[in-house]
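Okay, so here's the structure we're looking at.
The values are calculated or read from the model by the stated rules, or taken from the named source; none is laboratory data. Quick caveat: nothing in here was measured; it's all calculated off a predicted structure. In this analysis, Cβ positions are derived from the backbone assuming ideal geometry, glycine residues included, and neighbour counts consider all displayed protein chains. Just the protein is used for accessible areas: all its heavy atoms, side chains included, with ligands, DNA and RNA removed. Shrake-Rupley method; radii C 1.70, N 1.55, O 1.52, S 1.80 Å.
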Amino acid sequence: MTSQFLWVIFPYICMAVFIVGHIFRYRNDQFGWTAKSSEFIEKKQLMIGSLLFHIGIFPVILGHVAGLGIPMEWTRAMGISDHMYHLGAVWGGGFFGVVTLVGMIILTSRRFTKSNVRKLSSTSDLIVNSLLLFIVFIGVYSSLITNNITPGFDYRATISVWFRSLLIFQPEAAYMAAVPIAFKLHILTGFLIFAMWPFTRLVHVWSVPLNYVGRSYILYRKHQPTKNTPR
């Protein structure tokens with residue numbers, strides 16, 4: 001029963017909250033759809049931490065999508081051996097994971113140790129920062145440590161198959177039985193952050209100014225005083 005809850009019911013609840021929560025917040029709180037930047041309070045650590053985080057997180061996300069979504073049979077058919085894939089996933093993903101982790105450490109330390117930044121932070125900001133830091137840390141640990149001390153374990157034969165079974169609404173919790181605890185913690189906290197997402201400043205991720213690229217130029221004209229205009 002516990003296994004069914006953790007690996008079937010809980011993920012579906014989190015994703016349902018993620019979708020419905022976004023719809024509800026967009027309809028009722030569009031003015032709160034913001035990151036509430038604290039750049040004017042402290043800029044240096046924010047710039048460094050944010051830069052490292054964003055440099056690392058995009059390759060990490062792409063790695064997760066590929067690792068969870070692409071069956072190992074497909075990569076083998078493309079001529080990529082399991083050993084070659086493992087090296088790329090562990091060390092390539094581990095490198096970008098470490099970059100993301102360093103960025104998160106800087107951002108989280110800034111939020112907790114800079115008094116003015118902390119005063120501007122809500123309780124949800126502090127929780128989200130701490131949870132994201134833990135998720136990234138346990139993900140890096142799983143990739144670099146657990147993968148190398150657990151011989152015979154292949155997440156593509158367990159976690160990936162389980163994840164794809166969720167997507168097609170034929171969940172198979174049994175695939176998660178032999179998964180190491182570090183990976184389990186990474187997955188569960190990952191789903192938890194998705195459930196919290198609509199109710200925190202993480203919603204600013206969707207506020208991409210796409211219309212900025214195609215907008216009309218702003219024209220500035222020099223004011224020409226007339227005879228009746230006071231100088």
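Computed over protein heavy atoms with a 1.4 angstrom probe, the accessible surface ordering of Val17, Val140, largest first, is Val17, Val140.
Comparing Ser143, Ser122, Ser50 in a Gaussian network model of the chain, where Cα atoms under 10 Å apart are tied by springs, the biggest mean-square fluctuation is seen for Ser122. The string of couplings for the stretch 63-68 from the Karplus curve (6.51, -1.76, 1.60, θ = phi - 60°) is x, 5, 4, 5, x, 8 Hz, one whole number per residue in order, with x for Gly and Pro. Highest-first packing order for the peptide set 92-101, 7-16 is 92-101, 7-16, based on the mean count of other beta carbon atoms within 10 Å. So which residue, out of Tyr155, Tyr175, Tyr26, gets the largest mean-square fluctuation from a GNM of the chain using Cα contacts under 10 Å as springs? Looking only at Tyr155, Tyr175, Tyr26, the largest GNM fluctuation is found for Tyr26. Can you pull the percent of the stretch 54-196's accessible area that's carbon plus sulfur, 1.4 Å probe, other chains left in place? Summing carbon and sulfur atoms, their accessible area is 74 percent of the total for the stretch 54-196. 3J(HN,Hα) couplings calculated from phi for the stretch 157-168 with the Karplus curve 6.51 cos²θ - 1.76 cosθ + 1.60 (θ = phi - 60°) are, in sequence order, 9, 10, 4, 5, 5, 4, 4, 5, 5, 5, 5, 9 Hz; Gly and Pro show x.
One entry in (i) 1.29; (ii) 1.13; (iii) 0.90 is Cα Rg over 2.2 N^0.38 Å calculated from the shown coordinates; its label is (i).
Each residue, Leu6 and Leu126, gets one label point 7 Å from its Cα in the Cβ direction; the gap between the two is 2.9 nm. Below 13 angstrom from the Cβ of Ser109, what's the summed charge of the other residues (Lys, Arg +1; Asp, Glu -1)? Summing Lys and Arg as +1 and Asp and Glu as -1 gives +4. Available extension along the chain between Ile145 and Phe112 is 9.1 nm, counting 0.36 nm per residue and deducting the alpha carbon span. For the stretch 1-29 versus the stretch 107-135, the inter-centroid distance based on Cα atoms is 24 Å.
Shown for the chain: lysine pairs separated by 8 or more places, or found on different chains, whose C-alpha atoms are under 23 Å apart, numbering 7. Multiplying the residue separation of Ile55 and Ala178 by 0.36 nm and removing their Cα-Cα distance gives an extension gain of 41.0 nm. Applying 1/(1 + (r/R0)^6) with R0 = 22 Å to the Cβ-Cβ distance of Lys43 and Phe95 gives a FRET efficiency near 0.20. Compared with the direct C-alpha span, the chain from Phe31 to Leu62 gains 8.1 nm at full extension, assuming 0.36 nm per residue. Model label points for Ala16 and Leu167, set 7 angstrom from Cα along the Cα-to-Cβ axis, are 2.2 nm apart.
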